[in-house]
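Dumping the structure here so I can ask a few things about it.
The values are calculated or read from the model by the stated rules, or taken from the named source; none is laboratory data. Values in this document were obtained by computation on a predicted structure and should not be read as measured data. Counting neighbours? That spans all protein chains shown, and the Cβs are built from the backbone with ideal geometry, glycine included.
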Amino acid sequence: MPIAKRGYSYTGVDISEKMLAELHQKLEGVSHNLTAIKGDATALPFDDNSFDVALVVHVFHLISAWKQALAEIRRVLKPGGILLYTHGYANSVSAGSEVNA
């Protein structure tokens with residue numbers, strides 16, 4: 001989990017308790033600044049302009065009201081905020097490599 005290893009503060013939202021539990025399991029033994037929240041992507045429990053970046057991984061196809069979810073992401077992003085979205089394989093980069101920012 002590159003984000004956790006770099007020490008960034010981040011918030012994860014999932015409607016599934018099972019997926020949130022899997023996230024916590026993956027982070028066992030890793031120092032992190034995660035806030036995990038059970039929530040609905042079509043009604044995010046955050047104020048407007050709350051986040052610098054939104055990372056969406058392999059989820060829009062699972063949400064029937066995906067346009068509402070996208071509108072919610074726009075709402076909670078700060079002006080000039082960045083939306084990163086992927087629907088492919090998370091391991092498209094070799095397992096041992098990381099992108100340096």
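If the requirement is being outside any strand (DSSP E or B), within 12 Å of the chain's Cα centre (by Cα) and in the same structural domain as LEU83 (by TED's automatic domain parsing), which of these qualifies: ILE73, ILE3?
On the way: ILE3 fails: in the same structural domain as LEU83 (by TED's automatic domain parsing).
Only one candidate qualifies: ILE73.
Also: I need every pair where a residue in the stretch 34-56 that is closer than 12 Å to ILE73 by Cβ has its Cβ under 6 Å from the Cβ of a residue that is of a type in the set (Ser, Thr, Tyr), sequence separation at least 6 or different chains.
Pairs found: VAL56/TYR85.
Please enumerate the residues belonging to the stretch 20-48 that are charged (D, E, K, R), in a loop (DSSP other than H, G, I, E, B) and modelled with pLDDT under 90.
To start, the set of residues in the stretch 20-48 that are charged (D, E, K, R) comprises 22, 26, 28, 38, 40, 47-48.
Imposing the further condition that a residue be in a loop (DSSP other than H, G, I, E, B) reduces the set to 28, 40, 47-48.
GLU28 - this is the single residue of the stretch 20-48 that is charged (D, E, K, R), in a loop (DSSP other than H, G, I, E, B) and modelled with pLDDT under 90.
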